[in-house]
Amino acid sequence: MTINKLLSVCAKKDPNRKLFIMSTIHLIQGNPIPPKKDGVMRLYSMRFCPCAQRVRIVLLLKRIPFEVVNINLANKPNWMWDLNSEGKIPVLDAGSEIIVESLDICEYLNDKFPEPPLHSHNEQERNADRKLIQKFQDDKAMFFTVILNEKNKTLAEYAEEYMPILEEYDVELSKRG
C-alpha cells in the first residue's frame, strides 16, 4: 500500500483529523530550522527515501499526529548535523528525545504506542520478524545496483543473480499467509 493510499484510507476513517503535515520543499544549507509545534512529533525526511517512508507508514498506522520537514540530501542544512551526527535521515524529534535510524524509530514508536502492534506478541515470531526486516535492510542495496545498473548487466542477468535472495523472502512470507 502506498503512503498516499494509506493516507486516504486514514482520512476516510477520520476526515476531520489531520494526521500529518508535509511540505514538498526540501530545506538546504542556509535555511533555518523551522519552528516546531508543541506536542507534535517531527520527522526529518526526504520525500522519496524508503527508510523515511517506513517511518511515515508506522506513524500513519498508529494514527500519531506528526509533521514532516524534508531535507535536500545533496545540500543539507548545517543544523541537520546537530540532529544526527552522521547527517542521515530519517530523524524523529519526539519532543523529549531525538531518535535516528528507521528501524530504531519504528521500535520506539511501537514501544510508546503499542496499538496496533507492529509485531506478534510471541517472542519467537517477533524475533523472526526482526531478523527478516534486518536482512531486507542489508539486501536492499541490490535494488539500487539494478536501478543504477552499476554492474552493467541486463535485467535478465540481474534477475538470475538476485532471484535466490528474493526467493528466501517469498518462502518466509508464504509461511505467514
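The values are calculated or read from the model by the stated rules, or taken from the named source; none is laboratory data. If you're wondering where the values come from, they're calculated on a predicted model, not measured in any experiment. Cβ atoms come from the backbone with ideal geometry, glycine included; neighbour counts cover every protein chain shown. The protein model used for the area step is the full one, side chains on, heavy atoms only, and it has no ligands, DNA or RNA in it. Shrake-Rupley method; radii C 1.70, N 1.55, O 1.52, S 1.80 Å.
Below are the figures for this structure:
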quantity: Tally, over the stretch 53-100, of residues that are under 20 Å from K37 (Cα atoms) and small (G, A, S); calculated: 3
quantity: Failed item, numbered, when G87 is tested on (1) of a type in the set (G, A, S); (2) under 28 Å from D139 (Cβ atoms); (3) open to solvent by 20 Å² or more (accessible area, probe 1.4 Å); calculated: (3)
quantity: Residues located in the stretch 147-156, provided they are at pLDDT 85 or above and in a helix (DSSP H, G or I); calculated: L155, A156
